[in-house]
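Trainee: Starting off with a structure, shown below.
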Amino acid sequence: MDFDLVLAHGKILDGCGNPWFWGDLAIQQGRIAEVAPPGTLRGRKLIDVEGHFVAPGFIDVHTHSDLSLLVNRRAESAVHQGVTTHVVGNCGMSPAPIDEAHLAEMRQYWGRISGQPEVDWNWRTFDEYLRTLQSGGLAINVASLTGHAALRMTVMGLDDRGPTPSELDRMKKLLCEAMEAGAFGLSTGLVYPPGCFASTEEIIALCRVVARYHGLYASHIRGERETILDAVAEAIRIGREAGVPVQISHNAPKFGAPCDATANLRLVEEARARGQDVTVDNDVHTDLAPALTGGLPQRIQDRPAAEIVALLQDPAVRRKIREEIVSDRQAAFGPAGLLKHGQWHRITLLHAPHSPETVGKTIEALARERGQEPFDVYFDLIVANGHEAEAIFDYIDEANIRLLLQHPAVMICSDGEATAPYGFLNDPPPYSPCSYGEFPGVLERYVRDQPVLTLEEAIRKMTSFPAQRFGLWDRGTLRPRAWADVVVFDLDRIHDRATNLYPHAYPFENYPHNYPEGIDYIWVNGVLVVDGRSAQHTGALPGKVLRHRAVTST
Ligand SMILES: [Zn+2]
């Protein structure tokens with residue numbers, strides 16, 4: 001029999017963690033048709049992959065591509081790194097459901113992208129959003145969680161209070177609708193408004209709805225620094241009391257955490273030993289590049305620049321804000337921990353249109369240069385640049401990334417989004433090494449160059465493990481009848497061109513970001529999307545919006 005396509009003479013990685021083997025792989029009508037000894041299969045088209053690795057397409061379980069996929073349906077930064085499926089709706093943020101009365105708040109929540117013409121906001125229900133995603137075609141498959149923030153915003157706006165019983169009922173009803181439409185579960189972002197206003201009991205009540213549909217609870221927990229262990233314990237408690245599996249998102253301790261990652265992983269292990277299904281994902285980058293104003297207390301950081309500047313120009317108010325940052329009573333944004341703990345050498349200026357001479361320097365270096373207190377340098381940069389100053393905050397210790405990578409219950413995610421090096425999404429170029437370099441970076445740095453895990457284990461954490469977690473039983477492995485999401489790569493040539501390691505050299509090594517090298521081919525549902533030999537996207541949009549089967553217990 002001649003198959004549609006045969007990939008011959010590959011080193012096959014099945015995705016389950018088994019050692020690679022020599023083989024041919026046949027694709028027929030979008031699915032894997034056969035796996036056989038090398039040189040034995042015939043196809044109408046045959047590609048000799050010449051001993052390179054053939055693996056299931058990578059599944060990225062934690063992304064924020066909800067709207068960027070509407071702007072860039074080719075999902076370029078994802079497919080070029082071998083990613084064939086994104087999970088969206090993370091950290092409590094999904095663009096649906098939403099109602100008319102709260103649409104303005106929702107649009108503001110998503111920021112600049114919400115004004116793009118491709119983002120028409122014609123959907124209200126979760127189902128309508130999924131249809132919008134599918135309607136224009138997509139290069140990759142997408143699975144979506146329902147964001148707790150969307151439920152809350154629709155029912156009670158951004159109010160800093162608990163819901164009334166009838167409001168909670170409305171949130172449950174919206175969640176039922178989303179689960180029936182194919183949401184894979186509920187996500188929360190408990191450090192961001194409005195998630196931070198929710199009690200543990202509110203989340204448990206909602207997760208009981210998720211449990212009825214056999215969905216998942218994914219959480220950006222209520223603090224990833226000083227309070228990380230309490231926050232992990234809260235997530236585990238929510239899963240236990242509601243009867244849902246728990247996925248703890250990007251669970252690296254951030255600077256200021258009391259212990260290294262072994263402590264949060266121990267809580268996960270203990271829960272698993274008690275019979276609770278708890279797993280973790282993590283990204284392998286130490287940095288994030290928010291606006292400098294992101295380090296300010298939450299109550300003022302989103303105000304108009306002129307207001308913030310006026311506050312910081314008053315010496316007494318400036319002193320008070322400084323005290324507030326250092327005392328940090330509210331569980332806050334992770335990178336703000338660097339300010340609290342005086343880690344000024346870990347904050348490197350990325351953009352400062354009104355102080356261009358500071359770009360590439362750390363706040364510590366600027367303070368030395370100017371003979372000023374680092375806090376004053378920080379505030380002065382905001383006074384000069386408002387919200388426009390951005391810095392790379394290296395708020396994660398690389399040693400924790402290694403610890404997490406080695407743990408069997410931790411899968412790999414990017415925490416980035418599908419983007420592209422042109423057009424609106426690149427204007428200005430975002431600092432998002434994970435969006436372009438996550439998966440090749442793991443293979444290059446943590447498998448090949450300074451190995452902390454085997455190739456087979458790394459691939460398992462990118463494929464069959466995330467597929468199992470989301471119940472995508474026909475993806476994530478190279479077995480007959482699975483959908484043909486397939487990546488071919490050459491481990492010797494793998495090179496991430498999006499990451500610049502801490503401490504940062506200036507000019508920045510890989511910023512603006514480039515596509516990685518060494519990824520040769522990517523098929524999504526059996527259709528070639530990237531021909532890596534020429535680094536060309538074929539323009540094909542074979543991706544599917546995946547819907548969780550709304551099985552309910554009897
Ligand atoms: Zn998050």
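The values are calculated or read from the model by the stated rules, or taken from the named source; none is laboratory data. Bear in mind that the values here come from a model prediction, so they are computed numbers and not experimental data. Because the Cβ atoms are built from the backbone with ideal geometry, glycine has one as well, and the counts that use them run over all protein chains shown. Note: accessible area is taken over every heavy atom of the protein model, side chains too, but ligands, DNA and RNA are not part of it. Shrake-Rupley method; radii C 1.70, N 1.55, O 1.52, S 1.80 Å.
Trainee: Of VAL6, VAL71, which residue is at pLDDT 95 or above, among the hydrophobic types (A, V, I, L, M, F, W, C) and touching a strand residue (DSSP E or B) at 6+ places or on another chain (Cβ under 7 Å)? Let's see the steps before the verdict.
Mentor: Numbers: VAL71 fails: touching a strand residue (DSSP E or B) at 6+ places or on another chain (Cβ under 7 Å).
So the residue among VAL6, VAL71 that is at pLDDT 95 or above, among the hydrophobic types (A, V, I, L, M, F, W, C) and touching a strand residue (DSSP E or B) at 6+ places or on another chain (Cβ under 7 Å) is VAL6.
Trainee: Is it fair to say LEU425 is surrounded by fewer than 22 Cβ atoms within 10 Å (Cβ to Cβ) and among the aliphatic types (A, V, I, L, M)?
Mentor: Details: surrounded by fewer than 22 Cβ atoms within 10 Å (Cβ to Cβ): yes; among the aliphatic types (A, V, I, L, M): yes.
Yes; evaluated as a whole, the condition is true for this residue.
Trainee: Report, ordered by the first and then the second residue, all pairs with beta carbons closer than 9 Å, sequence separation of six or more or different chains, a first member in segment 543-554 that is open to solvent by less than 30 Å² (accessible area, probe 1.4 Å), and a second member that is basic (Lys, Arg) and modelled with pLDDT of 65 or more.
Mentor: These pairs meet every condition: GLY543/ARG73; VAL545/ARG131; LEU546/ARG475.
Trainee: Residue by residue through segment 3-22, note down the ones that are open to solvent by less than 40 Å² (accessible area, probe 1.4 Å) and assigned to a loop (DSSP other than H, G, I, E, B). Spell out how you get there, then give the answer.
Mentor: Our first condition is that a residue be open to solvent by less than 40 Å² (accessible area, probe 1.4 Å); within segment 3-22, this holds for 3, 5-8, 10, 12-15, 17.
Hits for segment 3-22 are LEU13, ASP14, GLY15, GLY17.
Trainee: Inside segment 407-420, can you point out the residues that are farther than 18 Å from SER464 by Cβ and surrounded by fewer than 22 Cβ atoms within 10 Å (Cβ to Cβ)?
Mentor: ALA420 - this is the single residue of segment 407-420 that is farther than 18 Å from SER464 by Cβ and surrounded by fewer than 22 Cβ atoms within 10 Å (Cβ to Cβ).
Trainee: Here's another thing I want to ask about it. Being open to solvent by 40 Å² or more (accessible area, probe 1.4 Å), over 30 Å from ALA418 (Cβ atoms) and out of contact with any Gly (no Cβ under 8 Å at 6 or more places or on another chain) narrows it down to one residue among LEU41, LEU46; which is it?
Mentor: Details: LEU41 fails: open to solvent by 40 Å² or more (accessible area, probe 1.4 Å).
None of the others qualify; the one that does is LEU46.
Trainee: Residue by residue through segment 59-102, note down the ones that are aliphatic (A, V, I, L, M), within 13 Å of the ligand (Cβ to nearest atom) and more than 10 Å from the chain's Cα centre (by Cα).
Mentor: Pass one, segment 59-102, residues aliphatic (A, V, I, L, M): 59, 61, 67, 69-71, 75, 78-79, 83, 87-88, 93, 96, 98, 101.
Pick out the ones that are also within 13 Å of the ligand (Cβ to nearest atom) and you get 61, 87-88, 93.
Matches in segment 59-102: MET93 only.
Trainee: Consider ASN500 against the criteria (1) more than 24 Å from LEU405 (Cα to Cα); (2) in contact (Cβ under 8 Å) with a residue 40 or more places away in the chain; (3) part of a loop (DSSP other than H, G, I, E, B): it satisfies all of them except one. Which criterion is unmet?
Mentor: (1) is the only condition that ASN500 fails.
Trainee: GLY471 fails exactly one of the following numbered conditions: (1) closer than 21 Å to ARG266 by Cα; (2) open to solvent by 20 Å² or more (accessible area, probe 1.4 Å). What is the number of that condition?
Mentor: Single failed check for GLY471: (1).
Trainee: What tally of residues in segment 190-224 results from selecting those that are open to solvent by 10 Å² or more (accessible area, probe 1.4 Å), part of a loop (DSSP other than H, G, I, E, B) and within 15 Å of the ligand (Cβ to nearest atom)?
Mentor: 4
Trainee: When residues of segment 226-235 are filtered for being open to solvent by less than 10 Å² (accessible area, probe 1.4 Å) and more than 18 Å from VAL61 (Cα to Cα), how many remain? Please lay out each step first, then the result.
Mentor: First, pick out the residues of segment 226-235 that are open to solvent by less than 10 Å² (accessible area, probe 1.4 Å): 228, 231-232, 235.
Now narrow it down to the ones that are more than 18 Å from VAL61 (Cα to Cα): 228, 231-232.
Result for segment 226-235: 3.
Trainee: Just to be sure I understand, how many residues within segment 49-68 are in contact with a strand residue (DSSP E or B) (Cβ under 8 Å, 6 or more places away or on another chain) and either surrounded by 24 or more Cβ atoms within 10 Å (Cβ to Cβ) or more than 16 Å from LEU491 (Cα to Cα) (or both)? Don't jump to the end; show me each part of the working.
Mentor: Restricting attention to segment 49-68, the residues satisfying the condition of being in contact with a strand residue (DSSP E or B) (Cβ under 8 Å, 6 or more places away or on another chain) are 49-66.
Keeping just the survivors that are either surrounded by 24 or more Cβ atoms within 10 Å (Cβ to Cβ) or more than 16 Å from LEU491 (Cα to Cα) (or both) gives 54-66.
Residues that pass the stated criteria total 13.
Trainee: Conditions first: (1) modelled with pLDDT of 95 or more; (2) touching a Gly at 6+ places or on another chain (Cβ under 8 Å); (3) more than 15 Å from the ligand (Cβ to nearest atom). GLY256 passes all but one, so which condition is the exception?
Mentor: That leaves (1) as the condition not met.
Matching residues to (1) under 26 Å from GLY294 (Cβ atoms); (2) of a type outside the set (A, V, I, L, M):
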{"site": "ARG161", "(1), (2)": "yes, yes"}
{"site": "GLU167", "(1), (2)": "no, yes"}
{"site": "GLU177", "(1), (2)": "no, yes"}
{"site": "CYS196", "(1), (2)": "yes, yes"}
{"site": "LEU206", "(1), (2)": "no, no"}
{"site": "GLU226", "(1), (2)": "yes, yes"}
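Trainee: Just a yes or no: is a residue in segment 434-454 of a type in the set (Asp, Glu) and free of Cβ contacts under 8 Å to residues at least 40 places away in the same chain? So that I can check it myself, show each step before the final result.
Mentor: Taking segment 434-454 as the starting set, the residues that turn out to be of a type in the set (Asp, Glu) are 438, 444, 449.
Checking which are free of Cβ contacts under 8 Å to residues at least 40 places away in the same chain leaves us with 449.
Yes: one or more hits.
Trainee: Another one. Take ARG152 and tell me if it is crowded, with 24+ Cβ neighbours inside 10 Å and more than 21 Å from PHE470 (Cβ to Cβ). Quick ask: steps written out before the conclusion?
Mentor: On the way: crowded, with 24+ Cβ neighbours inside 10 Å: yes; more than 21 Å from PHE470 (Cβ to Cβ): yes.
Taking the combined requirement at face value, the residue satisfies it.
Trainee: Identify the single condition in (1) under 14 Å from GLY334 (Cβ atoms); (2) out of contact with any Lys or Arg (no Cβ under 6 Å at 6 or more places or on another chain); (3) open to solvent by less than 50 Å² (accessible area, probe 1.4 Å) that GLY256 does not satisfy, given that it satisfies every other one.
Mentor: (2)
Trainee: Hey, another quick one. From the residues in segment 237-253 that are open to solvent by less than 10 Å² (accessible area, probe 1.4 Å) and more than 19 Å from PHE470 (Cβ to Cβ), which one is nearest to the ligand (Cβ to nearest atom)?
Mentor: Across segment 237-253, the extreme among qualifying residues is ALA252.
Trainee: I would also like to ask the following. ALA418 versus (1) touching a Lys or Arg at 6+ places or on another chain (Cβ under 9 Å); (2) more than 19 Å from ILE113 (Cα to Cα): which is the lone unmet condition?
Mentor: (2)
Trainee: Go over the candidates ALA498, ALA535 one by one and state the one that is hydrophobic (A, V, I, L, M, F, W, C) and either loosely packed, with under 15 Cβ neighbours inside 10 Å or in contact with a strand residue (DSSP E or B) (Cβ under 8 Å, 6 or more places away or on another chain) (or both). If you could, list the steps in order and put the result at the bottom.
Mentor: Details: ALA498 fails: either loosely packed, with under 15 Cβ neighbours inside 10 Å or in contact with a strand residue (DSSP E or B) (Cβ under 8 Å, 6 or more places away or on another chain) (or both).
Of ALA498, ALA535, the one residue that is hydrophobic (A, V, I, L, M, F, W, C) and either loosely packed, with under 15 Cβ neighbours inside 10 Å or in contact with a strand residue (DSSP E or B) (Cβ under 8 Å, 6 or more places away or on another chain) (or both) is ALA535.
Trainee: Another question, then. Would you confirm, using the coordinates I've provided, whether LEU443 is in a loop (DSSP other than H, G, I, E, B), open to solvent by less than 20 Å² (accessible area, probe 1.4 Å) and away from the ligand (no atom under 16 Å from the Cβ)?
Mentor: Numbers: in a loop (DSSP other than H, G, I, E, B): no; open to solvent by less than 20 Å² (accessible area, probe 1.4 Å): yes; away from the ligand (no atom under 16 Å from the Cβ): yes.
In short, no.
Trainee: What are the residues in segment 380-399 that are more than 15 Å from PRO353 (Cα to Cα), buried (at least 22 other Cβ atoms within 10 Å of the Cβ) and not β-branched (Val, Ile, Thr), if any?
Mentor: First pass over segment 380-399, keeping only residues more than 15 Å from PRO353 (Cα to Cα): 392-399.
Subset that is buried (at least 22 other Cβ atoms within 10 Å of the Cβ): 392-396.
Correct list: PHE393, ASP394, TYR395.
Trainee: Please return the ranges of helices (runs of 4 or more DSSP H) entirely within segment 338-439 where 3 or more residues are closer than 24 Å to SER327 by Cβ and touching a helix residue (DSSP H, G or I) at 6+ places or on another chain (Cβ under 7 Å).
Mentor: Working: elements: 363-370, 374-385, 398-406.
Filter on segment 338-439 gives 363-370, 374-385.
Trainee: Right, another one. Going by the structure shown, is ALA96 within 17 Å of GLY423 (Cβ to Cβ) and open to solvent by less than 10 Å² (accessible area, probe 1.4 Å)? Write out each step before concluding.
Mentor: Working: within 17 Å of GLY423 (Cβ to Cβ): no; open to solvent by less than 10 Å² (accessible area, probe 1.4 Å): yes.
No; evaluated as a whole, the condition is false for this residue.
Trainee: Contact list please: Cβ distance under 6 Å, first residue in segment 70-92 and closer than 17 Å to ALA218 by Cα and free of Cβ contacts under 8 Å to residues at least 60 places away in the same chain, second residue within 16 Å of the ligand (Cβ to nearest atom) and assigned to a strand (DSSP E or B), pairs at least six apart or on different chains.
Mentor: Once the first residue is closer than 17 Å to ALA218 by Cα and free of Cβ contacts under 8 Å to residues at least 60 places away in the same chain and sits in segment 70-92, its partners that are within 16 Å of the ligand (Cβ to nearest atom) and assigned to a strand (DSSP E or B) give VAL88/SER144.
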